[in-house]
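Worksheet: one structure, shown below.
Every number here is computed from the coordinates shown, using simple stated rules; none is lab data. Since this is a predicted model, take the numbers as computed values, not measurements. No Cβ is skipped: glycine too gets one built from the backbone with ideal geometry, and neighbour counts run over all protein chains shown.
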Amino acid sequence: MKKHFLLLAGAAVILASCGGENKTEDAGQSQAQIDSAVNAQVAAKEAEMARVQDSTLKAMEAEKAAADSAAAAEEAKKAGGKKSTKKTTKATPPASPTTPPPPPPPPANPKEDRFKDPKDKAPVDPNAPNKKADRFK
């Protein structure tokens with residue numbers, strides 16, 4: 001009886017130890033499945049966003065074409081019903097200047113003249129005698 005009990009306990013231990021390996025393998029497979037599912041969802045969202053952007057751009061182009069044709073019809077009315085043979089081209093945005101405009105000059109400082117000598121503001125006469133040089137002769 002003891003032999004049967006020991007064999008049964010040994011078999012249970014062996015089966016229990018082998019069962020753990022399958023669980024770790026399943027976890028790796030499930031992680032791979034999760035990753036592929038997430039990648040598929042991301043690809044679907046990106047495709048949806050691209051589709052929406054394309055449709056928005058096409059709608060904007062259609063509005064611009066309608067506005068251009070309305071403007072051409074208005075010009076035809078102004079011309080007295082005569083058809084114009086002038087070809088219209090797509091409007092290109094104006095070229096941006098390569099250099100920015102110069103910055104505005106700094107505001108004048110009202111306190112700047114505070115320390116200047118009032119005599120300095122008087123114009124200097126070049127023909128006037130040099131009084132300082134005359135004093136030290």
What spacing in nm lies between the two simple spin-label points modelled at Arg114 and Lys131, each 7 Å away from Cα in the Cβ direction? 3.0 nm
Work out, step by step, the length gained on full extension between Ala40 and Ser17: first 0.36 nm times the residue separation, then minus their alpha carbon distance; give nm to one decimal. 4.6 nm
